[in-house]
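Working notes, beginning with the structure itself.
Any read-out appearing in this document is the output of simple, stated calculations on the displayed coordinates, not a laboratory observation. Computed from a predicted model, the values in this text were never measured in an experiment. Positions of Cβ are backbone-derived with ideal geometry, glycine not excepted, and every protein chain shown enters the neighbour counts.
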Amino acid sequence: MGLLSTSNTKLGRVCGFAISTKSCGKYRFKKHQGCKEYCYARKIENLRPRVKAKWEDNLKRTKRKDFVEKMADELSFSGDFIRVHVSGDFYSQEYLNKWCELAWMFQHKTFLVYTKAIDLDFSKRPENLRVILSDDQQIWSPLHKYFDGVATMQQDKKYFTCPYVEKRTTCDECMYCLNADRPKIFFKKH
């Protein structure tokens with residue numbers, strides 16, 4: 001079974017990689033109550049047992065020594081844009097470093113990830129690994145400058161509204177998060 005998927009309707013033709021929301025269980029998320037309240041990935045895990053099993057298997061595979069090698073094999077045949085963590089998050093510096101290594105290997109591809117992993121060091125990532133801070137409740141404003149962009153669930157006129165919920169515009173049609181300079185995205189609850 002492959003690691004990358006093209007079955008996420010929101011992404012369109014963009015390949016995605018998802019891991020279990022168990023990866024989000026570190027102390028930094030327990031203080032961020034919004035995750036429990038409106039995490040779409042947890043809802044999917046509860047509704048679709050096969051998806052949950054796949055994401056749990058992917059999480060286990062990220063911890064294996066051959067993860068970078070296996071993912072590199074799949075990336076060799078994927079498109080130019082990769083959405084890392086359709087579900088889940090960076091659970092350790094070692095795991096983040098694996099994605100940095102992959103991004104360095106595939107500099108002609110763009111990797112996009114949303115994260116709440118504010119306690120990890122992203123300073124050594126290559127430019128093609130675009131990291132957007134998921135600051136759902138706008139509580140980490142001083143940290144915004146350390147990320148490539150910010151996503152929120154707090155309505156703000158300065159933020160671009162993701163068109164998926166209202167217009168069903170897919171990521172491969174929009175491309176704002178991948179192409180904008182320091183994107184600011186507002187996601188409506190879905």
| request: Could you please rank SER134, SER92, placing first whichever residue has the fewest other Cβ atoms within 10 Å of its Cβ? | output: SER92, SER134
| said: Please list, ordered by chain and number, the residues whose modelled amide H lies under 5 Å from the amide H of PHE81; skip anything fewer than 5 residues away on the same chain. | reply: CYS15, THR110
| query | Can you work out ³J(HN,Hα) from phi for every residue in the stretch 170-180, in order, using Karplus 6.51 cos²θ - 1.76 cosθ + 1.60 and θ = phi - 60°, giving whole Hz and x for Gly and Pro? | reply | 7, 4, 5, 8, 7, 6, 4, 4, 7, 10, 5
| message | Once you place label points 7 Å from the Cα toward the Cβ at ASN179 and SER92, how far apart are they in nm? | response | 3.9
| remark: Under the rule rounded for a/c under 1.5, else prolate if a/b exceeds b/c, else oblate, using alpha carbon gyration tensor axes a ≥ b ≥ c, the stretch 117-190 is classed as oblate
| message | Can you work out the Karplus-derived ³J(HN,Hα) for every residue in the stretch 146-153? Use 6.51 cos²θ - 1.76 cosθ + 1.60 with θ = phi - 60°, whole Hz, and x for glycine or proline. | response | 8, 10, 7, x, 9, 10, 9, 10
| Among the chymotrypsin sites (Phe, Trp or Tyr not before Pro) within the stretch 57-151, which fall in a DSSP loop and have no more than 13 other Cβ atoms within 10 Å of their own Cβ? | PHE77
| remark: Phi-derived 3J(HN,Hα) across the stretch 96-112 with the Karplus relation (6.51, -1.76, 1.60, θ = phi - 60°), rounded Hz, x for Gly and Pro, is 4, 4, 5, 5, 4, 4, 5, 5, 5, 5, 10, 5, 7, 10, 10, 10, 10
